[in-house]
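Here is the structure we will look at.
The values are calculated or read from the model by the stated rules, or taken from the named source; none is laboratory data. Keep in mind it's a predicted model, so treat the numbers as computed, not measured. As a convention, Cβ positions derive from the backbone with ideal geometry for all residues, glycine included, and neighbour counts pool all protein chains shown. Accessible surface is based on the protein model in full, side chains and every heavy atom, while ligands, DNA and RNA are left aside. Shrake-Rupley method; radii C 1.70, N 1.55, O 1.52, S 1.80 Å.
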Amino acid sequence: MVDLTRRFDVLVIGGGNAALCAAISARRAGASVLVLEGAPKFYRGGNTRHTRNMRCAHDAATDILTGPYTEQEFWDDLLRLTGGQTDEELAKFMIRESKDILNWVVEQGVRWQPSLGGTLSLGRTNSFFLGGGRAMLNALYLTAEQLGVDILYDAEVTDLRIEDGMFLSAMLKQPIDGTAEVRASTLVAAAGGFEANIEWLKEYWGEAADNFLIRGTPYNRGAILKMLLAKGVQEIGDPTQCHAVAIDARAPKFDGGIITRHDSVVFGIVVNKHAQRFYDEGEDIWPKRYAIWGRLVAAQPDQIAYIIFDSTVLNSFMPTLFPPIKADSIAELAGKFELDPATLEKTITDFNAAVQPGTFDHTILDDCRTEGLTPPKTHWARKIETPPYYAYPVRPGITFTYLGTRVNKQSRILMKDGKPSANMFAAGEIMAGNVLGKGYAAGIGMTIGSVFGRIAGREAAQNARN
């Protein structure tokens, strides 16, 4: 039993990677720590359960990484994918700190494995968790428990007492034990974004949000974020920006995870319900572009699209949970999705006619392109002409939202007047908008959570001592 009558040094709200890194960091610095995870124990960990890897800067190849990924290259990638919509000082600080994280998380029990092949092409830049995100989480929870961190599950926070930028206490509601007031010297908010709150999404997206699928936890409803913003915390980020990928339209509304994501876009074309292409499928290497396709599909009529390819590429990408729909002709394929057969046939005929000769290589920006076609396919363009033909129906799969709390390099929350909070810190998706104004590259969410979680815990512990 956790003694809720005592005053804790550090209260961590959240139960994913960022929260656990903060809790472990604070406990190792000598603080008493309580973690409040809103989900039941089986579903603990927020979106971390569905992750696979982390992107960190490193100067040389290792046992698990095939070559160097310098701070400068990381920054160049981040600058390009965000279009400059990032806090440069904070982002460069995160990248520099990420170099230590590769070893630090191992010290907390996490294990790495060599990267897999396939369309992700991440063997040089990203480290993969042995056993995936759930194994990583289990390692962090075990370490936290062994260090003496107190953890409560099904722990819904219904209110935060904050006065003049100072956290005082949190109101806790539990299914069995009822309500209680939890007092702590410092707060670390690591409770994620609001992607599972469809009504909040509809405030910005309108009725289209009803067609969004939520890839991760149904528990990230943004309650803590909303409380903080209502109590004087400065917000950052565009509420419509998010990590959103194309996932199978047959996936469940929540918690479909990584196995519903489609990595086949670069091997074919993507059309909307009118059987028309709407974006360059070969714009850039897939790990740097996969997270734009959710927003692209969200902008299409009825938020639905179809990835179309032929038999020559069927085994070129990682399969998903759901098999592709198969047909012996383009017209037959169109009929299976209630697309206009003549329009789809024309779309594919025009595409095939525009494909130029080249040498295909999905691991580089190759010379297989179209000419005279709008939109173009600038790389990996090959004719779709060998039956049988295949298609996947896809919808926007929202992973996490970018609206969040503004922080400084100490992970300390900033108030609306620009002044740092007296004792509140934030880490993970709830503050990811400081680094990600838009766009995404594989593994950056885990970098943000680990780097700022570790810092938030350390700084919160020091703050509590003072």
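For E332, state whether it is part of a helix (DSSP H, G or I), open to solvent by 50 Å² or more (accessible area, probe 1.4 Å) and not polar (S, T, N, Q). Judged against the criteria, E332 is a match. Would you confirm whether or not the range 340-354 contains a residue that is farther than 14 Å from R277 by Cα, part of a loop (DSSP other than H, G, I, E, B), free of Cβ contacts under 8 Å to residues at least 24 places away in the same chain and open to solvent by 30 Å² or more (accessible area, probe 1.4 Å)? No, the range 340-354 contains no residue that is farther than 14 Å from R277 by Cα, part of a loop (DSSP other than H, G, I, E, B), free of Cβ contacts under 8 Å to residues at least 24 places away in the same chain and open to solvent by 30 Å² or more (accessible area, probe 1.4 Å). In the range 445-458, the count of residues that are within 30 Å of I308 (Cβ to Cβ) and touching a residue at least 12 places away in the same chain (Cβ under 8 Å) is one or more. Number of residues in the range 154-211 that are assigned to a strand (DSSP E or B) and either of a type in the set (D, E) or outside the structural domain of G445 (by the TED database) (or both): the value is 4. Screening L344 against (1) closer than 18 Å to V266 by Cβ; (2) under 35 Å from the mean Cα position of the chain (by Cα) leaves a single unmet condition, (1). Name the single residue that is most open to solvent (accessible area, probe 1.4 Å) among those in the range 180-216 being closer than 17 Å to D238 by Cα and touching a residue at least 60 places away in the same chain (Cβ under 8 Å). Filtering the range 180-216 for residues that are closer than 17 Å to D238 by Cα and touching a residue at least 60 places away in the same chain (Cβ under 8 Å), the one most open to solvent (accessible area, probe 1.4 Å) comes out as W205.
Does at least one position in the range 114-123 carry a residue that is in the same structural domain as A19 (by the TED database) and modelled with pLDDT of 95 or more? No, the conditions are met nowhere in the range 114-123.
Residues that are of a type in the set (A, V, I, L, M, F, W, C), crowded, with 21+ Cβ neighbours inside 10 Å and within 15 Å of A275 (Cα to Cα) were ranked within the range 297-329; the one that is nearest to the chain's Cα centre (by Cα) is V297. Residues considered: G457, G449, G428, G445. Of these, the only one that is open to solvent by 10 Å² or more (accessible area, probe 1.4 Å), within 22 Å of L229 (Cα to Cα) and at pLDDT 95 or above is G445.
Every residue, every condition in (1) part of a strand (DSSP E or B); (2) in contact with a Pro (Cβ under 6 Å, 6 or more places away or on another chain); (3) closer than 30 Å to S329 by Cα; (4) modelled with pLDDT under 95, yes or no:
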| residue | (1), (2), (3), (4) |
| --- | --- |
| D367 | no, no, yes, no |
| Y392 | yes, yes, yes, no |
| S421 | yes, no, no, no |
| M424 | yes, no, no, no |
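Of all the residues in the range 256-282, those that are open to solvent by 10 Å² or more (accessible area, probe 1.4 Å), at pLDDT 95 or above and touching a helix residue (DSSP H, G or I) at 6+ places or on another chain (Cβ under 9 Å) number 8. Counting only residues that are of a type in the set (S, T, N, Q) and free of Cβ contacts under 8 Å to residues at least 60 places away in the same chain, the range 127-156 holds 2 of them. With respect to the conditions (1) modelled with pLDDT of 95 or more; (2) farther than 30 Å from S169 by Cα, I151 falls short on a single one, namely (2). Considered as a group, the residues in the range 146-179 that are hydroxyl-bearing (S, T, Y) and out of contact with any helix residue (DSSP H, G or I) (no Cβ under 7 Å at 6 or more places or on another chain) include one that is surrounded by the most Cβ atoms within 10 Å (Cβ to Cβ), and that residue is S169.
Filtered by the rule that a residue be charged (D, E, K, R), in contact (Cβ under 8 Å) with a residue 40 or more places away in the chain, within 24 Å of V407 (Cβ to Cβ) and surrounded by 14 or more Cβ atoms within 10 Å (Cβ to Cβ), the range 45-87 gives R55, D77, D87.
On inspection, L142 does not qualify as farther than 30 Å from R406 by Cα, open to solvent by 60 Å² or more (accessible area, probe 1.4 Å) and in contact with a strand residue (DSSP E or B) (Cβ under 6 Å, 6 or more places away or on another chain). Listed here are the strands (runs of 3 or more DSSP E) enclosed by the range 1-108 that have at least 1 residues being within 17 Å of the chain's Cα centre (by Cα) and either assigned by the TED database to the domain that holds S121 or small (G, A, S) (or both): 53-55.
Of the residues K438, K377, K409, which single one is among the basic types (K, R), farther than 20 Å from E235 by Cα, part of a loop (DSSP other than H, G, I, E, B) and in contact with an Asp or Glu (Cβ under 8 Å, 6 or more places away or on another chain)? From the options K438, K377, K409, the qualifying one is K377.
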